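Read through the structure below, which is laid out as structure tokens, and then see the notes.
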Amino acid sequence: MKAVLFDLDGTLHDRNATAQHWLEGHVQRFDLPPTYAARFLELDDFGYRPKSEVMPLLVREFGLAYPAQALLDDFSAHFMAAPVPMPHAHAVLAQLRERGLRIGVVTNGWPEVQTACLEGCGLMALVDDVVISKVVGLSKPDPAIYRLALQRLGVTAANTLFVGDSPRNDIIGPQAVGLRTAFLPTGHALSGEKPDAVLGDLRDVLTLA
Ligand SMILES: [Mg+2]
């Protein structure tokens, strides 16, 4: 292996932990009912459902006195205030670098948010390149975004591993361009996809690369 490409949310960034942390403050700030946090996480679907859909649903379901926009503003202002890195992320990236591997991130999202996430997690200095969908005008699982990431790192699919938590974006997509894949089960479960490896935690990447 010459390089490893990582997804960000649910892979290098422990989005579930960040969400729990944000929800604690959010529930206090708005004095929300006890079951609100669990319902938010359900509707949020590991971040795949837009918050512009989630918040109006919550306002209606819980009969809240706040406009959905107030909840949305709180999400925008506070969610990425203290992002939590995935356990072992720092150590694994440092070790891969020590071995001379190139490291890239390929993530769907907005540059301000994903950059704040990488910086907040203290991971920016440990990666060689970051490909963000809204910057490059391509998003996973479009094969072109994986090819672009490979080209920018100066490596080929044959000697690169893709690590992520989305069966669609991080297994099916990368496999279509010939990448080997490792699945980190922190989000949606596999439903027939066949990654080359299923990780117990990020440290298992060291045995594959
Ligand atoms: Mg992800």
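The values are calculated or read from the model by the stated rules, or taken from the named source; none is laboratory data. These numbers come from a predicted model, not from an experiment. Heads up, the Cβs are rebuilt from the backbone with ideal geometry, glycines too, and the neighbour counts pull from every protein chain shown. When the accessible area is computed, the model is the full protein with side chains, heavy atoms only, and any ligands, DNA or RNA have been set aside. Shrake-Rupley method; radii C 1.70, N 1.55, O 1.52, S 1.80 Å.
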Test for Gln95: is it modelled with pLDDT of 95 or more, of a type in the set (S, T, N, Q) and more than 14 Å from the chain's Cα centre (by Cα) | yes
Breaking point among (1) in contact with a strand residue (DSSP E or B) (Cβ under 8 Å, 6 or more places away or on another chain); (2) open to solvent by 70 Å² or more (accessible area, probe 1.4 Å), for Ala81 | (1)
Which one of these does Val84 not meet: (1) within 28 Å of Ile145 (Cβ to Cβ); (2) under 16 Å from the mean Cα position of the chain (by Cα); (3) away from the ligand (no atom under 16 Å from the Cβ)?
-> (3)
Spot the failing condition for Arg180; the list is (1) over 20 Å from Arg15 (Cα atoms); (2) open to solvent by less than 60 Å² (accessible area, probe 1.4 Å), and only one is missed.
-> (2)
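Scan the range 127-145 and give yes if some residue there is within 21 Å of Leu93 (Cα to Cα), among the aliphatic types (A, V, I, L, M) and in a loop (DSSP other than H, G, I, E, B), otherwise no. Explain how you work it out, then say what you get.
In the first step, residues of the range 127-145 are kept if they are within 21 Å of Leu93 (Cα to Cα); the result is 127-132.
If we keep only those that are among the aliphatic types (A, V, I, L, M) as well, we get 127, 130-132.
Those left that are additionally in a loop (DSSP other than H, G, I, E, B): 127.
For the range 127-145, residues within 21 Å of Leu93 (Cα to Cα), among the aliphatic types (A, V, I, L, M) and in a loop (DSSP other than H, G, I, E, B): present.
Please pick out the residue among Val155, Val177, Val135, Val163 that is within 16 Å of the ligand (Cβ to nearest atom) and of a type in the set (A, V, I, L, M, F, W, C).
Of Val155, Val177, Val135, Val163, the one residue that is within 16 Å of the ligand (Cβ to nearest atom) and of a type in the set (A, V, I, L, M, F, W, C) is Val163.
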Select from the range 26-71 the residues that are within 16 Å of the ligand (Cβ to nearest atom), without any contact (Cβ under 8 Å) to a residue 12 or more places away in the chain and touching a helix residue (DSSP H, G or I) at 6+ places or on another chain (Cβ under 7 Å) and list them in ascending order.
-> Arg49
In the range 5-25, residue surrounded by the fewest Cβ atoms within 10 Å (Cβ to Cβ) [restricted to those that are in contact (Cβ under 8 Å) with a residue 24 or more places away in the chain, away from the ligand (no atom under 15 Å from the Cβ) and within 21 Å of the chain's Cα centre (by Cα)] = His21
